[in-house]
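Take a look at the structure below.
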Amino acid sequence: MAELKYEIVEKLGVLGETGNGWTKELNMVSWNEREPVYDIRTWNAAHDRMGKGITLSQDELMTLKDLLNGMQM
């Protein structure tokens, strides 16, 4: 299996902490030396291990923002 390369270009914020001490974060991440994308996933404290996550383009993030702003909470 090919090695996965990533670089956290910008840390945007922590959304929460899991029971095992990992944090769920929103970051800008470059995967395999591609253009950075918005990324939501869990990370360990050293940021050398990660959980499953989701990546979003800027357009997708803006759509998500609009959807969240329109929700009744």
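To the nearest 500 deg cm²/dmol, what mean residue ellipticity at 222 nm is calculated for the chain from DSSP H runs of n ≥ 4 alone, each contributing -39,500 (n - 2.57), summed and divided by the residues? Before the final figure, lay out each step's value.
Numbers: 1 runs with 12 residues, N = 73.
Result for the chain, helices only: -5000 deg cm²/dmol.
Return one quarter of the surface area of the convex hull spanned by the alpha-carbon atoms of the chain, equal to its mean projected area, in nm².
Quarter of the Cα hull surface area: 6.1 nm².
Report ³J(HN,Hα) in whole Hz for each residue of the stretch 2-11, in order, from the Karplus equation J = 6.51 cos²θ - 1.76 cosθ + 1.60 where θ = phi - 60°; Gly and Pro get x.
Residue by residue, the stretch 2-11 yields 5, 6, 8, 9, 8, 9, 7, 6, 8, 8 Hz.
What do you get for the angle between helix 58-69 and the principal long axis of the chain? Use alpha-carbon atoms, 0 to 90 degrees, nearest ten.
40
Counting only protein heavy atoms and a 1.4 Å probe, tell me what percentage of the chain's accessible area is made up of carbon and sulfur. It would help to have the intermediate numbers written out before the result.
Working: 2950 of 5690 Å².
Carbon plus sulfur share of accessible area: 52 percent.
Which of the aspartates and glutamates could a cross-linker bridge to LYS65, judged by Cα under 18 Å and excluding same-chain residues fewer than eight apart?
By straight Cα distance, LYS65 reaches GLU25, ASP39.
Skip the ligands, DNA and RNA, and give the accessible area per residue of the chain with a 1.4 Å probe, whole Å². It would help to have the intermediate numbers written out before the result.
Values: 5690 Å² over 73 residues.
That works out to 78 Å² for each residue.
The values are calculated or read from the model by the stated rules, or taken from the named source; none is laboratory data. On a predicted model such as this, the values are computed, not experimentally measured, just so you know. Only protein heavy atoms, including side chains, enter the accessible area calculation; ligands, DNA and RNA are left aside. Shrake-Rupley method; radii C 1.70, N 1.55, O 1.52, S 1.80 Å.
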